[in-house]
1. Out of the DSSP beta bridges found with both residues in the chain, what percent are antiparallel (nearest 5)?
2. What list of ³J(HN,Hα) couplings, whole Hz, do you get for region 28-42 from phi and the Karplus terms 6.51, -1.76, 1.60, once you set θ to phi - 60° and write x for glycine and proline?
3. Ordered by residue, what ³J(HN,Hα) values in Hz, to whole numbers, does region 417-426 give under the Karplus form 6.51 cos²θ - 1.76 cosθ + 1.60, where θ = phi - 60° and Gly and Pro are x?
4. Can you give me the angle between helix 164-177 and the longest principal axis of the chain, using Cα atoms only, in degrees from 0 to 90, rounded to the nearest 10?
5. What is the helix-to-structure angle for 444-454, meaning the angle in degrees between its Cα long axis and the longest Cα principal axis of the chain, kept from 0 to 90 and rounded to the nearest 10?
6. Once you order the gyration tensor axes a ≥ b ≥ c over the Cα atoms, which shape class does region 50-143 get: rounded for a/c under 1.5, otherwise prolate or oblate by comparing a/b with b/c?
7. Indicate the gyration tensor shape class of region 366-449 (rounded, prolate or oblate), computed on the Cα atoms with a ≥ b ≥ c the square roots of the eigenvalues: a/c under 1.5 is rounded; otherwise a/b larger than b/c is prolate and the rest oblate.
8. If I fit a long axis through the Cα atoms of helix 83-92 and take the longest principal axis of the Cα atoms of the chain, what angle between them do I get, 0 to 90°, rounded to 10?
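The values are calculated or read from the model by the stated rules, or taken from the named source; none is laboratory data. This structure is a prediction, so every number in the text was calculated from the model and none was measured. With ideal geometry, Cβ positions are generated from the backbone for all residues, glycine too; neighbour counts draw on all protein chains shown. All accessible areas refer to the heavy atoms of the entire protein, side chains included, with ligands and DNA or RNA removed. Shrake-Rupley method; radii C 1.70, N 1.55, O 1.52, S 1.80 Å.
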Amino acid sequence: MTLLDLFDAARSERADAPAVNGRSYAGLHAASLRVARRLHEAGLRAGDRFALYCENRLAFVYAYLAGLRLGAVIVPVNVLYRAAELEHVLSDAAVSLVLTSAGTRPHLAKAGAFGAVDAAAVEAWAMESGEPEPPPVAPGGDDDAAIIYTSGTTGRSKGAVLTHTNLAAIASQVAVAWRWTSRDTLYVALPLFHMHGLGAALNGTFAAGGHLLFDERFDAARTLETLHRDDVTMFFGVPTMYVRLLESLEGAPPRLRLWVSGSAALASDVFAGFEARFGAQILERYGATEFGFACTNRFGGPRVPGSVGIPTPGARVRVAAPGSATPLPAGEVGEMLVAGPGVCRGYWGNPQATAEAFVLDEAGTRWYRSGDLARYDTAHDVYRIVGRIKELIITGGFNVYPLEVENELNRLPGIRASAVVGMPDPARGELPWAFVEADGAFDAGAVRAALGERLASFKVPREIVVVDELPRNALGKVEKHKLRDAR
Ligand code: AMP
């Protein structure tokens, strides 16, 4: 089963139904075949890497489907990337063609001489007359479909290689877990170059045969307006979007059947505030570029704030001592391992990183090491992500999980967001510091005292630094290394 099989199944059942931004399944298919023919004329062949460096717009979707039909390997590229990052990604993947737009083309030019096609041209090709021709190849499930570069919060980003089967498995997992059907219309303002927008929103839509409405970028007022449309039933976002929606809502909230949050931890106070104001419980899930999705809160509830729920159908997870595949006793903190049909086959051209990222268990199952610390909460029967291994702070021999401290900080009045990082300290190895976005007058002493009421003293940040805005990546995830490096 490939992603294109899922798309074709939806298309044959519901040719005239809307698929993406009002375009029908039949229309989208015809458009992508026309674009495939033009890309083939431009020299794109099966196995070639085809980068999509373009904002969310129809050209992205046409080029994506066309590239997959041709058996090319799609390399979605973060539109915020500039010369140095582009050079790395495009040369690492040995890309032969790049989709650009008026906005991204000047940056590509600074990165070197790469063959490019323009989004406006792709949109014009899509509308050409005449019968579209089927492409010359049909990719198989084990063929590479995409190389998605990880957000790279540390060091150089690596390209996770996902096969056509991986993409189909990931899309089916979310569709099944969230009872997604052809009657659903999903609205997102997530970038399509990332697993969340591409693997969940777009591919999940195809798996369910539903309708996706997307915007180029997130705007809280516009999102609320769109969500009030009668046909919209679902919204997928990252935690910061939920914070903005809560701040921006005036009047009655939109009523949807499902609100999903992922890509970073959703603060418990946002979950509670949203429930109070929107009358709905956000469903939090856990995923990554390398495996799509591993855990989701139960669709039918209960949805446990601060948790990522249970494994998605088809995925297996395990909490193990870092470096091992042997499960730890329930309740202990260890590394989250993931196995299943959505897990990538490795990193592009990087056997060493691939070897380090996987461990085998005694039964021969290959587990992906997520680098996330997790614990199984036996009382609620859910998994909890407690932080990244690399971000774990060890102070005088004690472990401090930044997320735990951030959750406590975020509950305090006047603190909008926080990030806790370990700063080097000659006596204790590391000390926790907090960086916070705060409203109005801020009293660090009072905040430390309030934390001291609820946390052991070694967890209370030694310094609390107020910043205008925490550095965030395109998905709204805080880039902690930048905070550390800036001091
Ligand atoms: P990316 O590959 O950019 O999607 O980043 C994946 C990482 O995001 C995971 O390894 C986690 O560290 C983090 N992440 C995703 N979802 C969650 C969640 N619900 N709670 C906490 N961290 C998450």
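1. On the way: 49 of 78 bridges.
Beta bridges within the chain, antiparallel portion: roughly 65 percent.
2. Result, ordered by residue: 5, 5, 4, 4, 6, 5, 5, 5, 4, 4, 5, 5, 5, 4, 6 Hz.
3. 7, 8, 9, 10, 10, x, 10, x, 9, x
4. Helix 164-177 and the main axis of the chain meet at about 60 degrees.
5. Between helix and principal axis, roughly 90 degrees.
6. On the way: a/c = 2.37, a/b = 1.38, b/c = 1.72.
Oblate, since a/c reaches 1.5 and b/c is not below a/b.
7. Values: a/c = 2.31, a/b = 1.38, b/c = 1.67.
Here region 366-449 falls in the oblate category.
8. Here the helix axis deviates by roughly 60 degrees.
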